[in-house]
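In what follows, a structure is listed as structure tokens, so that the remarks can point back to it.
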Amino acid sequence: METLSQAITSTLSIPHSNNSSALVRSHGLSSLLLLRKPRSPANLSLISSRSSLTRASAVEHGSKSSASSIDLSDPDWKTKYEREFEERFSIPHITDVFPDAQAIRSTFCLKMRSPTEDFVGGYPSDEEWHGYINNNDRVLLKVISYSSPTSAGAECIDSDCSWVQQWIHRAGPREKIYFRPELVKAAIITCGGLCPGLNDVIRHIVITLEIYGVKNIVGIPFGYKGFSDKDLTEMPLSRKVVQNIHLSGGSLLGVSRGGPSVSEIVDSMEERGINMLFVLGGNGTHAGANAIHNECRKRKMKVAVVGVPKTIDNDILHMDKTFGFDTAVEEAQRAINSAYIEAHSAYHGIGIVKLMGRNSGFIAMQASLASGQVDICLIPEVPFNLHGPNGVLKHLKYLIETKGSAVICVAEGAGQNLLEKTNAKDASGNTILGDFGVHIQQETKKYFKEESMAVDVKYIDPTYMIRAVRANASDGILCTVLGQNAVHGAFAGYSGITVGIINTHYAYLPIPEVIAYPKSVDPNSRMWHRCLTSTGQPDFI
């Protein structure tokens, strides 16, 4: 059995196959999709697979990649495409493996809730509560109908940009549940790096579980590592324990990267009696969660594995945003403002700020747009030259000559093609990046020395500071709802899913669809154009 790191690496690209049974046989780490038994006409079996998509090809091809098998000359192509999309985004349910699983009336009913009573078999009330979500409720994934392929951010399937409906499952409490609260042992883990809002999500998962009637809730310390390290004992959780944890940053449970093999993790879950697992993390963590889900299915374990997407990089597919992002952007303002004051107060001052963003420049872009003080924003998705007549340094000289000062904001993954390559990897299998912030600082000093111009360069790297703070109000609300809906999804019998906000609505998606490749800034998007308008920077090519 591969290690968890290998599982994560191998599952970040979805293998192409037209043979669903082969995918079932391969199960575990290399398979992200399972052949599903249909439960109803509204939930078709998941039999289609997709081609592997790299981040670059995803940007280039957009939604056309998922339509590659559609014959556009077929007059019914749109109907077929919509059906294929529904199959891809159909979410796994425990009845796929346990067709005889019995549903019971939900123990979640706020209208009749009493904290002093136990309603294991359902609430003893004849009065109907209208707070439930129907299993057929859907959320529209795309809300813009493009009039032409040249529209900013257009993702067209055919040459006419025909409107195609793409519906995904709405999140929320269901009237029927598939787990009896008194038999549930729920576990929560936080993986990867720190992120504002981790404690908020933990808190509301625990609170919502208790409202359902769950008494046995534990936290697994230090991510997946906590399943194998005998020195790390699980932490009992209750409302009393988590009541005030959202008032500070970090994670009550601790974080780590990598971990034991998927088989070892599932062995540990069996041994501990865990039948609900809530996994908070990014793309790699979700790939691991999906592998755990598949292994549980292979062993015919009645377990719900639910992810909550966490990354300040905001690079999870389909989501409006991930929790922690707003807080990171807000905290980044402090660094940008400091850089501006330093630059503005000095003779020929230049302030350089490096922000997080390995493969995507969302933080740098949004922070630059929000601050209104940035003159140059450099992100991984948009190529640029430092030197030459159209290079960054030439424009920087122009800014010094005309404004007297300048502020540069760079994402950590920007300009990697200008640095010496490294084959080093971190525990999650990510390539360790070169430090472009230090590089541009040195090149700036060297350039202006050669130009015989005196400049005062100040470099600020708040990298880890922006992720270690407490969640702001916006993220606090997002974390609250994500935590609640993760529990609702688990009790509804779904597994191998993640929960996110999509077009202002909360929805469930199958994990493979959100980890196919990282989301990135579209250089033709309106948001990037707004950033360019704010900074006034030219193309640096």
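Every number here is computed from the coordinates shown, using simple stated rules; none is lab data. Just so we're clear, the structure is a prediction, and the values are computed from it rather than from any experiment. Heads up, the Cβs are rebuilt from the backbone with ideal geometry, glycines too, and the neighbour counts pull from every protein chain shown.
Some notes on this structure:
- Each peptide in 509-517, 529-537, 172-180 was scored by the mean count of other Cβ atoms within 10 Å over its residues; highest first, the order is 509-517, 172-180, 529-537.
- Counting 0.36 nm for each residue step from Ala103 to Lys446 and taking away their Cα separation leaves a gain of 116.5 nm.
- Contour minus Cα-Cα distance for Trp129 and Thr533 (0.36 nm per residue): 140.5 nm
- In this structure, Asn385 and Asp160 have a Cβ-Cβ separation that, at R0 = 41 Å, corresponds to a calculated FRET efficiency of about 0.65.
- Ranked by how many other beta carbons lie within 10 Å on average, peptides 483-492, 318-327 from highest: 483-492, 318-327
- Net length gained if the chain between Glu270 and Asn244 were fully extended (0.36 nm per residue, minus Cα distance): 6.2 nm
- Gyration tensor verdict on the stretch 325-469 (Cα atoms; rounded if a/c is under 1.5, prolate if a/b is larger than b/c, oblate otherwise): oblate
- When the Cα gyration tensor is reduced to axis lengths a ≥ b ≥ c, the ratio a/c is 1.5 or higher for the stretch 414-541, and with a/b above b/c it is classed as prolate.
- Across the stretch 474-541, the mean sequence separation of Cα contacts (distance under 8 Å, 6 or more residues apart), normalised by length, yields a relative contact order of 17 percent.
- Cross-link pairs Lys78/Lys142; Lys403/Lys449; Lys80/Lys310 - those with Cα-Cα distance over 27 Å: Lys80/Lys310
- Rounded to 5, percent antiparallel among DSSP beta bridges of the stretch 325-469: 5 percent
- Highest mean packing comes first when the peptides 390-401, 231-242, 375-386 are listed by Cβ atoms within 10 Å, giving 375-386, 390-401, 231-242.
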